[in-house]
Structure formats: structure tokens, C-alpha cells
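Following: one structure in C-alpha cells, then a few remarks.
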Amino acid sequence: MKRCLTFLLFALLLCAGGLRAQNLERYQRGEYLKRNDTIPYRILWPENFDPKKKYPLLFVLHGRGESGSDNEKQLTHGAKLFLREDVRKKFPAIVIFPQCSQNSYWANVNITTNNKGKRSFSFQEGGKPTGAMKGLLGLVKQFAHKPYVSKKEIYVGGLSMGGMGTYELLRRKRRTFAAAFAICGGDNTRNIERYKHVPLWIFHGAKDDIVDPAYSIAIADRLKALGAEVKFTLYPQANHNSWDPAFAEPGLLSWLFSHKKP
């Protein structure tokens, strides 16, 4: 009897794992190529996609741990949210998860580690984009010009390295995005003036020992001082994985997609 129950449980786990993998395969594979700029991406089309209609477009930028070239790992965090049937019905959007290579970084930042393993981030003011950012800029431009994309409803969000990349993308494409979210990221506060007009929801874990929450606090405070539209959520018990409660926020997508460029 015990063997039967064990086998049944094992079979159910295999089935559940297979279903999860199958669901993620609903994100179709693509690749942006232009000269030396290459970005693999996964794209989720709205249900009953009609190329004659116009849809919102969202880019989601992953963290450092999901870098690579397999065109899979970038779906680790957040991708399942957009597969939920209620989300697909309420927010019929095109969702793109690009992937940063291992030898590049979304944002222009210098990272140092002290003898205790503590990381420090020095975010650059201006500067040339990284190879990954150059590819991302090309990918954004390519899709922004598609006839089925609503140019007033283009959004971006990201976590950790992707949160840093979100801020950089906003300042480099300041007229493109209707709203954005950034989870446990950071930026040079001297860059904030360039994206102050973009509504932002910023998230961070108060116990984050990888990316100091002080980075997000400084950005939120500066945006508030500039009179910008900004929401800031600090999770008291969360460490670096503040993307878990952030993606579980019931109002995140309603807030994001409620914004349209004038």
C-alpha cells in the first residue's frame, strides 16, 4: 500500500512539473539580431491574438542569476504570473522576457566585493550602454514599431540587475514608456531627472544583503522631491528575493496597465 501511495505521489509530482514546463513553453522563442547585438527572448502573445488590433507591450528584465544563452532561465521569476488565466483575460498584453548574456550586464554599473563578501554598486552617470543594453534598446525599438503594439501602452519592469536595467532603459528611452516597476534595483540619483516623468512603483526588501535598500529609498525620495508619480513598497521581512511579494502584489498589474502616455 505504501509503495502504491509513493508511486502515485511521484507520478503526480512528475505530472505537475511537466505541466509547469508545458505552460512556460507558451512563451515562444525569439532572438534579436543586429550586427554584434544579440538578445534571445521569450514572448507571450495575448489569447486570440489579432494582428489587426493594438496591444499593450511589457518587457520584464531578469536578475544576474538568470543570465545566459539558453533562452529559458529568464522565465524563472515572474513568468508564471502572466500565464494565469485571470491575468490573461483582464490584461491582454504582449509580454517579453529578454535574456542578458553571462559576459554582459543590463546596467552600466561597477561592482566591487570586499573581503567579507559584501557587494558595492557604483552606478554610472550617463556613459555608453553595455552590449546587453544595446541589444535591448534595439529589441525595444523593433517591437515598439510593430503595427499591433499600442505606442501609448509600452511598459518595463525588472528585478535586481533587471531593476537596475529598468532605470537605465527609462533614461535611454525616456519617451517610450508609460509606466514601470523596479524590484531591488538601484541607480545613480543624478540620472533620475531623465525619467522623472515616468510613473514608477519601486519595491525592495528591508533585509536585502545583496543590493542595499538604501538605493531604492534614495531613488524614491528623489522622485518624490521632484513631484513625480512614484510608489515605494519596502517589505520589512524580505531579503533579496523581494520579487516574490512584489509579483504577488494584487494591485501591481492594475496600477501598471492603468497608465497610458498622453
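The values are calculated or read from the model by the stated rules, or taken from the named source; none is laboratory data. The structure displayed is predicted, hence computed values, not measured ones. Backbone-built Cβ (ideal geometry, glycine too); neighbour counts: all protein chains shown.
Scanning the range 241-262 for residues that are surrounded by fewer than 18 Cβ atoms within 10 Å (Cβ to Cβ) and in a loop (DSSP other than H, G, I, E, B) gives ALA248, GLU249, PRO250, GLY251, SER258, HIS259, LYS260, LYS261, PRO262. Scanning the range 213-225 for residues that are surrounded by 15 or more Cβ atoms within 10 Å (Cβ to Cβ) and either in contact (Cβ under 8 Å) with a residue 60 or more places away in the chain or aliphatic (A, V, I, L, M) (or both) turns up TYR215, ILE217, ALA218, ILE219, ALA220, LEU223. Using the structure shown, decide if ALA228 is in contact with a Ser or Thr (Cβ under 7 Å, 6 or more places away or on another chain) and either surrounded by 16 or more Cβ atoms within 10 Å (Cβ to Cβ) or small (Gly, Ala, Ser) (or both). It is false that ALA228 is in contact with a Ser or Thr (Cβ under 7 Å, 6 or more places away or on another chain) and either surrounded by 16 or more Cβ atoms within 10 Å (Cβ to Cβ) or small (Gly, Ala, Ser) (or both).
Just wondering, is there one or more residues in the range 216-239 that are among the aromatic types (Phe, Trp, Tyr), assigned to a helix (DSSP H, G or I), closer than 26 Å to LYS80 by Cβ and modelled with pLDDT of 95 or more? Checked the range 216-239: no residue is among the aromatic types (Phe, Trp, Tyr), assigned to a helix (DSSP H, G or I), closer than 26 Å to LYS80 by Cβ and modelled with pLDDT of 95 or more.
Please work out which residue is nearest to LEU136 (Cα to Cα), limiting yourself to the range 22-61 and to residues that are among the polar types (S, T, N, Q) and surrounded by 12 or more Cβ atoms within 10 Å (Cβ to Cβ). Checked the range 22-61; the qualifying residue nearest to LEU136 (Cα to Cα) is THR38. Pairing each residue of the range 137-151 that is free of Cβ contacts under 8 Å to residues at least 40 places away in the same chain with any residue that is among the basic types (Lys, Arg) and buried (at least 17 other Cβ atoms within 10 Å of the Cβ), provided the two are 6+ apart or on different chains, yields C-beta distances under 9 Å for LEU137/ARG172; LEU137/LYS173; LYS141/LYS173. Here TYR167 fulfils each of the conditions (1) under 19 Å from ILE94 (Cα atoms); (2) crowded, with 19+ Cβ neighbours inside 10 Å apart from (1).
In a residue-by-residue description of the range 125-147, the property of being modelled with pLDDT of 95 or more, closer than 30 Å to LYS53 by Cβ and charged (D, E, K, R) applies to at least one position. Every condition in (1) buried (at least 20 other Cβ atoms within 10 Å of the Cβ); (2) farther than 22 Å from SER254 by Cβ is met by PHE97 except one, and the failing one is (2). Any chance the range 41-57 includes a residue that's more than 17 Å from the chain's Cα centre (by Cα), polar (S, T, N, Q) and assigned to a loop (DSSP other than H, G, I, E, B)? Yes: the range 41-57 contains one or more residues that are more than 17 Å from the chain's Cα centre (by Cα), polar (S, T, N, Q) and assigned to a loop (DSSP other than H, G, I, E, B). Here PHE177 passes the criteria (1) within 30 Å of LEU83 (Cβ to Cβ); (2) assigned to a helix (DSSP H, G or I); (3) aromatic (Phe, Trp, Tyr) except the one numbered (2).
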